[in-house]
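Below is one structure; the comments refer to it alone.
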Amino acid sequence: MAKKHTAAEVAEILADFVNSSYQSDQKDLAAEILCQHRTLQQSIFNVFMLTIKAWSELPEHHYDARNGYTVETSKDIMAALKDKWFGRTPLI
């Protein structure tokens, strides 16, 4: 059985990957995620959506030019999905 990682460990692994990767590596990661079981893809998407929601709710003094595009775009995404996403992606 694989070791269960904590959320903090997974976030650190992802941050390390992104920090030392190129755009092509990031595209490869996206492609690998699409190879996962379809139900897992839904759950992974849910993590992405929860992250987007959290960014969209950051107060102005908690972001700056380094992540401002992420925060502002997250606000746009959540506004566009206000009637389609209710905090959890469906699992079948």
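Of the residues making up the range 45-59, at least one is outside the structural domain of residue 11 (by TED's automatic domain parsing) and exposed (fewer than 11 other Cβ atoms within 10 Å of the Cβ). Per the conditions (1) part of a loop (DSSP other than H, G, I, E, B); (2) at pLDDT 95 or above, the sole criterion not satisfied by residue 84 is (2). For the range 12-19, the criterion of being at pLDDT 95 or above, among the charged types (D, E, K, R) and under 27 Å from residue 90 (Cβ atoms) is met by no residue.
What do you reckon, is residue 4 surrounded by 10 or more Cβ atoms within 10 Å (Cβ to Cβ) and either assigned to a helix (DSSP H, G or I) or without any contact (Cβ under 8 Å) to a residue 12 or more places away in the chain (or both)? Spelling it out, it is not the case that residue 4 is surrounded by 10 or more Cβ atoms within 10 Å (Cβ to Cβ) and either assigned to a helix (DSSP H, G or I) or without any contact (Cβ under 8 Å) to a residue 12 or more places away in the chain (or both). Among the residues of the range 41-72, none is identified as small (Gly, Ala, Ser), closer than 17 Å to residue 87 by Cα and in a loop (DSSP other than H, G, I, E, B). Among the residues of the range 22-40, those identified as part of a helix (DSSP H, G or I) and either charged (D, E, K, R) or under 21 Å from residue 88 (Cα atoms) (or both) are 25, 27, 28, 30, 32, 33, 34, 38, 39, 40.
The values are calculated or read from the model by the stated rules, or taken from the named source; none is laboratory data. The structure displayed is predicted, hence computed values, not measured ones. Glycine also receives a Cβ, built like all others from the backbone with ideal geometry; neighbour counts cover every protein chain displayed.
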